[in-house]
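A quick write-up on the structure given underneath.
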Amino acid sequence: MNATQPALAAPPGLGEERQALLRQLVDGLEPAQLYWIAAYAAQQASQPAARPAAASVTRLTVLYGSQTGNARRVAERFAAEAEAAGLPVRLVRAGAYATRELASERYLAVVVSTQGEGEPPDDARGFVEFLASRRAPKLPNLHYTVLGLGDSSYPQFNAMGRAVDARLAELGAHRLAPLAEADVDIEPVAVPWTEGALARVRDRFAHDVPVASVTPLRVAATRPQFHRDRPFPAPVLANQRIVSRHAGRDVRHVELSLEGSGLRYAPGDALGVWHRNPASLVEALLAALALDGDALVTLGGKAQPLREWLARDRELTRLSRPLVQAVAERASSTALRATLEDSGAMKALLADHQPIDLLRAHPADWDAAALVAALRPLTPRLYSIASSPGAVGEEVHLTVAVVDYHAHGEPHLGAASRWIADVGEDATLDVFIEPNERFRLPADGNRDVIMIGPGTGVAPFRAFVQERQQAGAAGRNWLVFGNRHAADDFLYQLEWQQALKDGALHRLDVAFSRDQAEKRYVQHVLRERGAELYDWLAGGAHLYVCGDAAQMARDVHAALAEIVATYGGKTPEAAQALLSEWLQDGRYARDVY
Ligand SMILES: Cc1cc2nc3c(=O)[nH]c(=O)nc-3n(C[C@H](O)[C@H](O)[C@H](O)COP(=O)(O)OP(=O)(O)OC[C@H]3O[C@@H](n4cnc5c(N)ncnc54)[C@H](O)[C@@H]3O)c2cc1C
Ligand SMILES: Cc1cc2nc3c(=O)[nH]c(=O)nc-3n(C[C@H](O)[C@H](O)[C@H](O)COP(=O)(O)O)c2cc1C
């Protein structure tokens, strides 16, 4: 579409919700994909008899609400197993679910994570709000099951799983299986839930529909050759420090080759990286617990020396509640037991202790097998992709801040960022693509975009600007960046200046927090530019926020709400409601961590 093309008028009956869904669906798609969708729709239109009946539909809907992909992965597997069992199934992202359909569902499996402080993933916000509202229908014909994904280190453990499960019951729906709640180690809960819930669905289905008579729907596209469980060893093409030597923290620009992997990504996606724990930390832990690194440990059918378990299969840098519990028991520590009961004390403990700090502070008699069982499995780390395939071909670029700090009298490292910082240009990194369908450029290149990305939060916006330049998008691009000092950590400064010159970037605003007496952050810039920002938003601009979840995303959200209220003449409640609406329909998207 170009600037002179008029907007298409929607036909009667195609409501706002459907139009929003449609816009969301086509956002960021390639022309070939858009043509395919147009052809598919035309084919559907020519076969009215093939449309599903509006009445109750006897099929299993698997709905997921996910921020970083865990719930999506479990839901995909659930749907694939249901399909393999001959059940008619469809898999739906919560953000793409037409809530109107809930009233006609018969079988529903929900996998949802909890974010923020007991909040839904952005994608599931609309579904959760609808469910909680008075508009939610009574559901006497619905059979359902919920799996909540969370982290028991947070005070509001699994708040969303619990809320969805309770509300569905309140609306009269029947539990097929009890609510399952997965902690950081997801599989031990997700696997039995999947098996149990599927067995119940099959039983119920046998009453409703003879299984053999239904034609299974295709749920999963063919899996790429390389994925999370089979990562691609990507050759490192470049690994450069992009901050001055005075900067408080090392930040790396990393370029990897995906040639021959078949891996494809779109701006907005993240790259998953599997790392090994620092060898120095493995040895320190073995020494602290007086354990033999060569001792063979067998767990879950895998046998290898303890040193190998610690280096590549167990989390050594992230503390979690189950480990605190295990240490409290093994060390018979009443102090730790008391901490476990006190959410404030737990928060403080988790904030600045790594497992080794805890194990040192509470000595106990550990054997190799007990230690491996107590530590949680290692998880790959995600990094926002900082390149557009259109600009870099079969490469992928990252912007990585290296975690490195002092605590309890010892240096502490971030496991993955250290691993990446140390990887040589002749080595490889084990990677996979983690898609993020919610964090996409508008399909309509004429739309303006506002990108707020302090620190490494700027990474996906490098990809966005590259992509818009490649596509010749006519919409304007506004970047708001922040860091500590302009002279030390203005990430990609030269590239932004070039982009301004080339007309690929139309506005750049910066906030360097420590370059003046008063602290200045991106939210201050937003307030200063409030009138203009509202102007862009009123003209249909899309809004993106990436970076720190704990403080920045919240402060930016508050500033945006203020701006919408002040310049849009709305009450604070109406401004919040409008932002929520934009979050739901994808016009306001966040990628925060
Ligand atoms: C969708 C997504 C996108 C992301 N994109 C990026 C990106 O583009 N660039 C990027 O750099 N990161 C990004 N991250 C974060 C990244 O995934 C890792 O979390 C980060 O690199 C730290 O991992 P690590 O293994 O190095 O540290 P870990 O080993 O996980 O951290 C060690 C521990 O130290 C603690 N800790 C860290 N700093 C301190 C401190 N100063 N004082 C006390 N304790 C501390 C942490 O709480 C943690 O418990 C992203 C995360 C997500 C979910
Ligand atoms: C910023 C942030 C906030 C979180 N807040 C909570 C929380 O309040 N309660 C909880 O149980 N889990 C919380 N979690 C943990 C996630 O629910 C957990 O990591 C889950 O596996 C993520 O699944 P997803 O990738 O599908 O979003 C939080 C995680 C992050 C990154």
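For Arg314, the residues whose amide H sits under 5 Å from its own are Leu378, ignoring neighbours fewer than 5 places away on the same chain, with H placed 1.01 Å from N.
Along the axis of the charge dipole computed for the chain (Cβ charges of +1 for Lys and Arg, -1 for Asp and Glu, origin at the Cα centre), the listed residues Leu505, Pro140, Ala39 are led at the positive end by Pro140.
Sort out the exposed loop GluC sites (Glu not before Pro) in the chain (DSSP loop, at most 16 other Cβ within 10 Å) and tell me the longest stretch that has none. By the stated rule (loop sites, at most 16 other Cβ atoms within 10 Å), 118-258. As a proxy for reagent exposure, ranking Arg23, Arg93 by other Cβ atoms within 10 Å from fewest up yields Arg23, Arg93.
Sorting 138-148, 237-247 by their mean Cβ neighbour count within 10 Å, with the most densely packed peptide first, gives 138-148, 237-247. Each residue of segment 545-554 was assigned a 3J(HN,Hα) from its phi angle through the Karplus curve 6.51 cos²θ - 1.76 cosθ + 1.60 (θ = phi - 60°); the sequence is 10, 9, x, 4, 7, 5, 10, 4, 4, 5 Hz, with glycine and proline shown as x. Could you let me know the centre-to-centre spacing of segment 351-366 and segment 509-562, using Cα atoms, in angstrom? For segment 351-366 versus segment 509-562, the Cα centre distance is 39 Å.
In the chain, if the dipole is taken from +1 on Lys/Arg beta carbons and -1 on Asp/Glu beta carbons about the Cα centre, which of Ser244, Ala180, Leu299 is farthest to the positive end? Checked the options; the winner is Ala180.
Taken one residue at a time, the phi angles of segment 583-589 give Karplus couplings (6.51, -1.76, 1.60, θ = phi - 60°) of 5, 5, 8, x, 6, 10, 10 Hz. Gly and Pro are set to x.
Would you calculate a helix-derived [θ] at 222 nm for the chain, using -39,500 (n - 2.57) for each DSSP H run of n ≥ 4 and dividing by the full residue count, to the nearest 500? Intermediate results must be reported in sequence, preceding the final value.
Numbers: 21 runs with 221 residues, N = 593.
So the helix-based figure for the chain works out to -11000 deg cm²/dmol.
Using the 10 angstrom Cβ neighbour count as an exposure proxy, how do His353, His207, His227 rank, fewest first? Display every interim value, and only then the final one.
Details: His353 18, His207 7, His227 15.
So the ranking, lowest neighbour count to highest, is His207, His227, His353.
Secondary structure note: in segment 52-213, about 5% of the DSSP beta bridges are antiparallel.
Amide H contacts of Asn239: Glu255, each under 5 Å away and 5 or more positions distant or on a separate chain (H built 1.01 Å from N in the peptide plane; Pro and chain starts excluded).
Assuming charge only on the beta carbon of Lys and Arg (+1) and of Asp and Glu (-1), the dipole of segment 449-592 about its Cα centre is about 80 debye to the nearest 20.
With +1 on each Lys and Arg Cβ and -1 on each Asp and Glu Cβ, how big is the dipole of segment 52-213 about its Cα centre, in debye rounded to the nearest 20? Provide the component values of the computation, followed by the final result.
Working: 18 positive and 20 negative charges, 147 e Å.
The calculated dipole for segment 52-213 is roughly 700 debye.
Classification of the chain by its C-alpha gyration tensor yields an oblate form. The axis ratio a/c (a ≥ b ≥ c) is 1.5 or more, and b/c is at least a/b. Using the Karplus relation 6.51 cos²θ - 1.76 cosθ + 1.60 with θ = phi - 60°, the per-residue 3J(HN,Hα) values for segment 398-413 come to 10, 10, 10, 8, 8, 7, 7, 8, 9, 7, 6, x, 10, x, 10, 10 Hz, with x marking Gly and Pro.
Gain on full extension, evaluated as 0.36 nm per residue between Ser280 and Ala338 minus their Cα-Cα distance, stands at 17.7 nm.
For the chain, DSSP calls about 45 percent of its internal beta bridges antiparallel.
Each reported figure results from applying straightforward, stated rules to the coordinates on display, with no laboratory input. All values derive from a computational prediction rather than experimental measurement. Note that we place each Cβ from the backbone using ideal geometry, even for glycine, and neighbour counts take in every protein chain shown.
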